[in-house]
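Engineer: I'd like to ask some things about the structure below.
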Amino acid sequence: MFAPRVFVSMLGCLAVFAIATYFLTGSAWTTAWQTLVCAVLLQAGYFVAVVVLVTKEGRGRRKVAQGHSAASASTGEDKEPKTLRVPNNPRHFNS
């Protein structure tokens with residue numbers, strides 16, 4: 001999800017909601033607070049959707065990682081952890 005597109009779409013949705021609410025109620029005050037409530041609900045829904053997507057991705061990655069470890073254990077590969085050799089790798093940025 002591209003953030004600027006989400007924000008512009010949300011503002012467009014709120015503008016349409018505000019216009020429709022004003023025509024239905026005829027009150028600027030009612031339109032203002034109902035649009036504010038709508039904005040809060042949109043943000044809450046967006047937040048929940050992002051949390052669900054991140055959780056789903058995390059579960060998928062854990063499942064794949066467990067599948068790889070189970071596959072390597074069943075094929076009889078060595079049990080020693082693999083290390084990555086990086087040339088000129090400083091141990092710590094302060095040393």
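The values are calculated or read from the model by the stated rules, or taken from the named source; none is laboratory data. Computed from a prediction, not measured in an experiment: that's the story for all the values here. We place every Cβ from the backbone using ideal geometry, glycine too, and count neighbours over all the protein chains shown. Areas reflect the complete protein model, heavy atoms only, side chains present, ligands, DNA and RNA absent. Shrake-Rupley method; radii C 1.70, N 1.55, O 1.52, S 1.80 Å.
Engineer: Which of the peptides 43-49, 21-27 is most tightly packed, and how do the rest follow, going by the mean number of other Cβ atoms within 10 Å of each residue?
Structural biologist: The densest-packed peptide leads the list: 21-27, 43-49.
Engineer: Would you mind telling me the share, in percent, of accessible area of region 1-73 contributed by carbon and sulfur at probe 1.4 angstrom? Please list the in-between numbers first.
Structural biologist: Details: 4320 of 5750 Å².
Carbon and sulfur together cover 75 percent of it.
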